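**Q** Once you've had a glance at the structure underneath, I'll fire off some questions.
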Amino acid sequence: MKTSSARAIRCAIYTRVSTDHGLEQDFNSLDAQREAAEAYVKSQAHEGWRLIKGSVFDDGGFSGGSLERPALQRLLTLIEAGEVDVVVVYKVDRLTRSLADFAKLVELFDAHSTSFVSVTQSFNTTTSMGRLTLNMLLSFAQFEREVTGERIRDKIAASKKRGLWVGGVVPLGYRVEDRRLVVDEAEAVTVRMIFERYLALGSLPALQMELRAAGVVTRRRVLSSGRTIGGVSFTNGPLAHLLRNRTYLGEINHKDRSYPGEHAAIIDPPLFAAVQAKLDDNRNRHRGRYGSSEALLLGRLFDDRGNRMTPSSANKKGVRYRYYVSSVLAQGRKTEAGSVPRVSAPEIEAAVIEALRMQFSDDAHLGDRELITQRLERAVLRLDSIEVDVADDTAPTFSVPWTRQPTNPHREIIRSSQRDDSRPMRAEARIVLIRSIAQGRRWLEEIIAGTADPDAIAAREQRSRRHIEQMVSLAFLAPDLVRAIVDGRLPRGTNASRLMNPPAAWSAQWQMLGLDASR
């Protein structure tokens with residue numbers, strides 16, 4: 001009789017060490033683990049065990065506390081593809097030192113009919129006793145990892161208290177020699193210049209623009225992967241971090257404290273203290289402006305490249321015009337701005353408020369600022385739409401069509417039969433009138449729905465009943481008259497007071513204003 005050959009069992013070997021120390025040797029820890037695993041697979045050849053092509057997966061210098069390891073991820077991909085039957089490791093803690101990660105791996109292995117074997121630890125994961133044994137081993141492995149981490153953290157803290165450099169990103173102006181920080185004179189000149197110029201300019205955006213013009217960039221660094229980072233212009237965040245870094249006083253930072261270090265200082269204490277005072281003063285003034293600003297969308301409006309849009313204003317012939325401007329413009333980074341780098345503040349505020357009013361009709365009792373505070377998380381300004389992200393997690397993000405009004409639009413003026421004034425309405429007056437009409441319509445909706453009466457609205461808005469009634473009367477304006485207001489086709493001088501308490505007949509409303517609706 002012929003005996004059927006054993007089914008081929010596809011095996012993969014996984015090895016790992018936590019540090020890269022000693023990996024340059026001809027025979028290192030990874031080689032020892034791999035050799036033992038290969039010998040074990042050969043001893044099971046009679047059971048059909050065979051190493052698959054590219055069966056060795058080495059992770060040198062990776063902790064067992066995380067699954068983010070390149071070789072392990074490649075192995076898991078093969079397992080998910082159904083190409084591995086057995087994973088062979090030298091010890092269980094080579095695979096993971098975390099119970100939570102182990103549970104994830106076991107679930108993945110079970111889902112794809114994959115088992116694993118520890119060469120030096122005999123147990124069978126298909127039985128409850130084997131799983132209990134494995135969990136106990138992993139519990140001790142995780143305990144060992146956590147104790148080791150605590151010991152390392154305590155050693156780092158003790159070393160920093162003594163002023164020793166223990167590694168990390170080397171600040172600009174220093175280099176490391178014999179595990180000590182040493183002043184790099186060429187870079188130190190740049191650091192001193194940054195401190196001095198900030199104190200003279202008093203503004204991070206202004207300093208950033210000056211450094212860009214001078215070609216000053218961040219230090220270039222080559223990572224262990226071979227990738228080069230840095231060599232880019234400074235932005236506000238890195239500049240603020242540099243100016244706050246007490247390492248330049250000759251100190252070593254540890255969490256929220258610093259200790260006298262062994263390295264030399266680059267910045268004199270009086271200059272450092274003056275810079276800190278200026279930074280604190282600017283931060284406090286910014287917070288004060290933030291709380292009292294009339295800009296309704298402050299901190300909530302962004303362009304379509306993720307840049308925050310900040311309030312700005314200009315005065316022309318005694319009239320103040322408000323805008324929102326992409327923050328990168330003030331930093332000399334015009335090419336990084338979104339498709340709409342500058343927009344009229346009343347225009348975009350009215351569009352966002354109208355979108356929120358339509359989305360949350362039950363909030364008609366809220367004022368504009370209160371509505372934005374409670375409902376708006378952020379608004380993203382695009383060339384043809386506004387993306388509104390609401391604060392309520394249960395409400396979806398939505399977009400509304402929007403088109404920026406041209407800077408110098410061509411307007412057809414509706415001529416008055418009583419006056420020869422071809423000048424169009426001022427932009428600010430048009431926005432105020434549109435908002436007054438919208439407010440009157442909202443109050444009318446409340447009165448019709450029975451949720452409030454004129455007296456209640458007057459008490460809530462802290463206005464007189466007569467004011468409320470006059471504003472509500474704007475809700476009865478003719479649609480074509482409202483469209484002419486929106487388009488800016490009415491003559492200068494047209495305002496809410498001229499339009500209040502209009503006649504019921506729409507044609508009579510035009511006659512009341514002395515306007516010709518046909519033109």
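The values are calculated or read from the model by the stated rules, or taken from the named source; none is laboratory data. Just so we're clear, the structure is a prediction, and the values are computed from it rather than from any experiment. Because the Cβ atoms are built from the backbone with ideal geometry, glycine has one as well, and the counts that use them run over all protein chains shown. Surface areas here come from the heavy atoms of the whole protein model, side chains and all, with no ligands, DNA or RNA. Shrake-Rupley method; radii C 1.70, N 1.55, O 1.52, S 1.80 Å.
**Q** For segment 299-370, what is the accessible area per residue in Å² when the probe is 1.4 Å?
**A** Numbers: 3490 Å² over 72 residues.
For segment 299-370, the solvent-accessible area averages 48 Å² per residue.
**Q** Now a separate question. In nm, what is the difference between 0.36 nm times the number of residues separating R378 and I156 and their Cα-Cα distance?
**A** On the way: separation 222, 0.36 × 222 = 79.92 nm, distance 4.11 nm.
Taking 0.36 nm per residue and subtracting the Cα distance, the gain is 75.8 nm.
**Q** Among W510, W165, what's the order by accessible area (1.4 angstrom probe), most exposed first?
**A** Numbers: W510 15, W165 55 Å².
Largest accessible area first, the residues go W165, W510.
**Q** List the residues, sorted by chain then number, that are 5 or more residues from I252 or on another chain and whose placed amide H is less than 5 Å from its amide H.
**A** Amide H neighbours of I252, under 5 Å, 5+ apart: Y259, G261.
**Q** I've got another one for you. Modelling each spin label as a point 7 Å along the Cα-to-Cβ direction, I'd like the D362/A264 distance in nm, to one decimal.
**A** 6.9
**Q** Could you rank H254, H365 by how accessible they are, 1.4 Å probe, largest area first? If you can, show how the numbers build up before the last one.
**A** Details: H254 35, H365 90 Å².
Highest to lowest solvent-accessible surface, that is H365, H254.
**Q** Summarise the accessible area of the chain (1.4 Å probe, protein heavy atoms) by the percent that is carbon and sulfur.
**A** Working: 14770 of 29260 Å².
That fraction is 50 percent.
**Q** When you have a sec, figure out the Kirkwood radius of segment 283-399 from all distinct Cα pair distances and drop it here in Å to one decimal? Present the calculation step by step, with values, prior to reporting the outcome.
**A** Values: mean 1/r = 0.0668 Å⁻¹.
Kirkwood hydrodynamic radius for segment 283-399: 15.0 Å.
**Q** A follow-up question, please. If you place +1 on the Cβ of every Lys and Arg, -1 on the Cβ of every Asp and Glu, and leave all else neutral, what size is the dipole of segment 201-357 about its Cα centre, to the nearest 20 Debye?
**A** Its charge dipole is roughly 200 debye.
**Q** Considering only protein heavy atoms, with the full assembly of protein chains and a 1.4 angstrom probe, order M136, M471 by accessible area, largest first. List each step's numbers first, then the result.
**A** Values: M136 100, M471 15 Å².
My answer, sorted largest first, is M136, M471.
**Q** Could I get the Rg over Rh figure for segment 223-360? Both from C-alpha atoms, Rh via Kirkwood, rounded to two places. Please report the intermediate quantities before stating the final value.
**A** Numbers: Rg = 20.6 Å, Rh = 18.8 Å.
With Rh from the inverse mean 1/r over Cα pairs, Rg/Rh is 1.10.
**Q** Taking only DSSP H segments of four or more residues, each worth -39500 (n - 2.57), what value at 222 nm results for the chain once the sum is divided by all its residues, to the nearest 500 deg cm²/dmol? Before the final figure, lay out the partial values.
**A** Numbers: 17 runs with 222 residues, N = 519.
My calculation for the chain gives -13500 deg cm²/dmol from helical runs alone.
**Q** Which Rg and Dmax, in Å, describe the Cα atoms of the chain?
**A** 35.2, 118
**Q** Can I ask one more? Return the aspartates and glutamates within reach of K255: Cα separation strictly under 19 angstrom, same-chain partners fewer than 8 residues apart disregarded; answer none if there are no such residues.
**A** Counting by Cα, and skipping residues close in sequence, K255 has these aspartates and glutamates nearby: E150, D154.
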